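Only one structure is covered here, and it is reproduced in the block below.
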Amino acid sequence: MPTVDEVAALIVGGDHGREEERDIIVRKMDGSLQRIYETHPSYMPLQYPLLFPYGTDGWSLNILCVEGSSSSRGHVTMREFVAFLIQYRPNEGNILLRCGRLFLQFVVDCYATIEAWRLRYFRDHQGTLRAELYSGLQDAVTAGENDAYAVGKRLILPASFTGGPPYMR
């Protein structure tokens, strides 16, 4: 039995060079299998059926912001969606907030998903982040690095990324 009341996430991968996404495999009525990725609106209700007993959709890429919101993006981010879900509302059942450790697991799972999406964005938008200004290869040559295996493709994280060295400084 566990001896502590904490919930943690262990995120595997990152250095393999291949994309690893979390998913659920569902068997359809006709016997075929369908893969549901974490970006699918049905991922949350399938992963947490006790938290979503009516099968209401979770987050998806195309949820529009309401008119008059302060967001200039036009679409709701996963972080905004999860923040909306976990808010206390006085005249509602608040099933998420009453589920104890399952709620903690849900929040940790959502956090891991949000961080994976942020890191994926940073990887795919290195040009936007002006990563070409960081001359990692030039710095390695200047430092006298002769081993080509020690020099790889660097991923530049902005200073606002929580947990990165610039943020910690």
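Coordinate-derived values only; no laboratory data. Since we're looking at a predicted model, the values are computed, not measured. Cβ placement follows ideal geometry from the backbone for every residue including glycine, while neighbour counts extend to all protein chains displayed.
If neighbour count is taken as other Cβ atoms inside 10 Å, put TRP59, TRP117 in order from fewest to most.
TRP117, TRP59
Using only the Cα atoms of the stretch 1-124, build the gyration tensor, take square roots of its eigenvalues as a ≥ b ≥ c, and label the shape rounded, prolate or oblate: rounded if a/c is under 1.5, else prolate if a/b is larger than b/c, else oblate.
Rounded, since a/c falls under 1.5.
Please give the length that would be gained between LEU46 and LEU102 if that part of the chain were fully extended, namely 0.36 nm times their separation in residues minus their C-alpha to C-alpha distance (nm, one decimal).
18.8 nm
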